[in-house]
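Undergrad: Attaching a single structure in structure tokens format; questions to follow.
The values are calculated or read from the model by the stated rules, or taken from the named source; none is laboratory data. Values in this document were obtained by computation on a predicted structure and should not be read as measured data. Neighbour counts are summed over all protein chains in view; Cβ atoms, including those assigned to glycine, are modelled from backbone coordinates with ideal geometry.
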Amino acid sequence: MAQDPLGYNTKRNSIKSNQSDDEDMDSRHSSLSYKERRREAHTQAEQKRRDAIKKGYDTLQELVPTCQQTDVSGYKLSKATVLQRSIDYIQHLQQQKKKQEEERNALRKEVIALRIMQTNYEQIVRAQQSQPGHTETPVSDEVKFSVFQVIMDQLFITFSTVSVSNFSELSAGVFTWLEEYCKPQTLKDTVYQVLRRHNNQMRG
């Protein structure tokens, strides 16, 4: 067997052994670094989640008026209290929205009713003006107001038959009342009666 007076083989084996140890250490280091990176990423993700939740609660407290005040004890509101007050406030807004929608629908129906009355009055005026021998005579504002007041008083008396116990009955009753008492011919007869009574009073 050849001799190794300079110890080359021994040195070579030593170098290989050291390289193997370094690779094992690098492998362990790489494995530990991966676990640490996962742990750090998880920690960062959890912190972002907590920050997002905190920001959400802070935004709720800024938007909801009832959450802008401190607790009776003087401490900051708990998250459960913020959530409950936010729910209560949203329900309050929903009730207000529903009420406003009902009022808007009622106003729309009133507009429709007024337009019907306007159309009826215009038909009466056109029918009156189209009569043969019709001459325009000046009428004072006082007489106009007096006649208008009497007409409206009579309409108000008939309107007392409309049920106002709830909104649905009122809506249905208004249209029935319009059809029965505000038809052009009915209003025309009412106006003629009022004018005749007014003329008789003026003559008397």
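Undergrad: Residues of segment 158-204 being loosely packed, with under 12 Cβ neighbours inside 10 Å, more than 23 Å from GLN123 (Cβ to Cβ) and not polar (S, T, N, Q), which ones?
TA: Correct list: VAL164, MET202, ARG203, GLY204.
Undergrad: Looking only at residues that are surrounded by 10 or more Cβ atoms within 10 Å (Cβ to Cβ), in a helix (DSSP H, G or I) and not β-branched (Val, Ile, Thr) in segment 76-90, which one is nearest to the chain's Cα centre (by Cα)?
TA: Per the criteria, the residue is TYR89.
Undergrad: As an exercise: evaluate ARG115 against (1) surrounded by 11 or more Cβ atoms within 10 Å (Cβ to Cβ); (2) modelled with pLDDT under 85 and give the number of the one condition it does not meet.
TA: Unmet for ARG115, out of (1) surrounded by 11 or more Cβ atoms within 10 Å (Cβ to Cβ); (2) modelled with pLDDT under 85: (1).
Undergrad: Given the conditions (1) outside any helix (DSSP H, G or I); (2) small (Gly, Ala, Ser); (3) at pLDDT 85 or above, which single one is not true for ALA52?
TA: (1)
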